[in-house]
Every structure is written in C-alpha cells, then in structure tokens.
Amino acid sequence: MCEKQKRIDELESELAQSHQREAELFKTIAEGKNHESQVKWRPWQMMVVGMITPTLLSLAALITSLIK
C-alpha cells in the first residue's frame, strides 16, 4: 500500500506541475494578444492621423507667417 501511495503522490505532483505550466502558457498567450492589440493600428486610427497631420502643418505654417 505504501508503494501505491508514493506513486499516487508522484502523479499528483506531476499533475500539479502540469497545471502550473498550462497556467503560465495561457498567461503568456494572453499577454501576447494584449500586446498585439495595443501595437496594431486600426484603419480609423490611420485615418485620424492622416487628417490631423496636414491640419497641424497648415496651422504651424499660418502661425509662422503671422509671426514674421
């Protein structure tokens, strides 16, 4: 009975380690997806940047011409 209990304990330990590795893997995957969503530019963001940049440049040129 002692041998069987040792084997059960070993298997439970291996299972716990497996669950720990699985949890770490899921955490890593979630962090990667979160990072991708923060880095990826969406089309509407590109459109806004495309609209704001010329406006700011025109405003800067106007201010520069008024100062001179």
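Laid out as a table, the results:
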quantity: Simple spin-label estimate for residue 7 and residue 27 in nanometres, 7 Å along Cα-Cβ; calculated: 3.4 nm
quantity: Among [x] 20, 52, 23, 5; [y] 16, 17, 15, 14, 11, 9, 8, 5, 3, 1; [z] 24, 57, 19, 0, the entry that matches P(r) over Cα pairs in 10 Å bins from 0, in percent as calculated here; calculated: [y]
quantity: Structure-based [θ]222 nm, the chain - -39500 (n - 2.57) summed over DSSP H runs of at least 4, per residue, nearest 500; calculated: -33500 deg cm²/dmol
quantity: Between helix 2-39 and the chain: long-axis angle, C-alpha atoms, 0 to 90°, nearest 10; calculated: 10 degrees
quantity: Reach of residue 4 by Cα under 13 Å, taken over aspartates and glutamates that are not fewer than 8 positions away in the same chain; calculated: 12
quantity: Segment residue 42-residue 61, length gained on full extension (0.36 nm per residue, minus Cα span); calculated: 3.9 nm
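Values quoted throughout were computed directly from the atomic coordinates according to the rules given, and no laboratory measurement underlies them. The structure displayed is predicted, hence computed values, not measured ones. Reconstructed Cβ throughout: ideal geometry from the backbone, glycine too, with neighbour counts over all protein chains shown.
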